[in-house]
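Before any comments, here is the structure.
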Amino acid sequence: MTALNKPETVTRPLSVSDPRHAEAADFLHYEAELLDGLAERTWLTELVSRDIVYRIPVRETVERARGRGFHSSTFHLDETYGSLDSRVTRGETKYAWAEDPPSRVRHFVTNIRVRPTLDSDPDLLDVRSNLLIYRTRQEQTTPQLLSGERHDILRREEGRWRLLQRVVYLDLTVIGTHNFALFF
């Protein structure tokens, strides 16, 4: 079994009264607002670390004994700051045909759990959240729904939190969307 498929040791999350929990929740809510408002450039420059690792591993349906079914080396998306910047830049041009007119997207972020990282670095937070993305395109009457769990590491850089790492574990094994021109 790969590390993605081994049972995790889970520690109790911080209380919602802990200021770090509030800061992480505020970060995720602001991020959702930017992405829903098509402010991807602001999202990238204000909230994303230059050292970002942004991945969505491929999932397959497997027996319980084989783990959760996520591949450790095969990804739908495996991004860096440079590739995210390229995607944002392309969306700002007249050549982003897959998203012109843009999709209508809503990010629903819930079940936010915040923990110190294993090394207890005060400038890092381990943030888990559940995500539901509701997306419609042009005149479609059936929305696309993408759900999953995000495992994020936030790092304090120059006094503000930035997204250092995001791994999105989608609930779907087959993704029925015609493009991946959105951010999770």
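All of the numbers you see were taken from the coordinates with simple rules; none came from a lab. Computed from a predicted structure; not experimentally measured. In this analysis, Cβ positions are derived from the backbone assuming ideal geometry, glycine residues included, and neighbour counts consider all displayed protein chains.
Once you order the gyration tensor axes a ≥ b ≥ c over the Cα atoms, which shape class does the chain get: rounded for a/c under 1.5, otherwise prolate or oblate by comparing a/b with b/c? It is oblate, given that a/c is not under 1.5 and a/b is not larger than b/c. Amide H contacts of Leu14 (H built 1.01 Å from N, in plane; Pro and chain starts excluded): Val114, Arg115 sit under 5 Å, all sequence-distant by 5 or more or on other chains. Neighbours of Tyr134 by Cβ distance under 13 Å: Lys/Arg scored +1, Asp/Glu scored -1, total +3.
Calculated mean residue ellipticity at 222 nm for the chain: -6500 deg cm²/dmol, from DSSP H runs with n ≥ 4 weighted as -39500 (n - 2.57), summed, divided by the residue count and rounded to 500.
Using only side-chain charges placed at the Cβ, +1 for Lys and Arg and -1 for Asp and Glu, the dipole size of the chain relative to its Cα centre rounds to 480 debye. One decimal place: the segment Leu77-Ala22 gains 16.9 nm when fully extended, by the rule 0.36 nm per residue minus the C-alpha distance. Considering only GluC sites (Glu not before Pro) in DSSP loops that have at most 14 other Cβ atoms within 10 Å, the longest stretch of the chain without any of them is 9-59.
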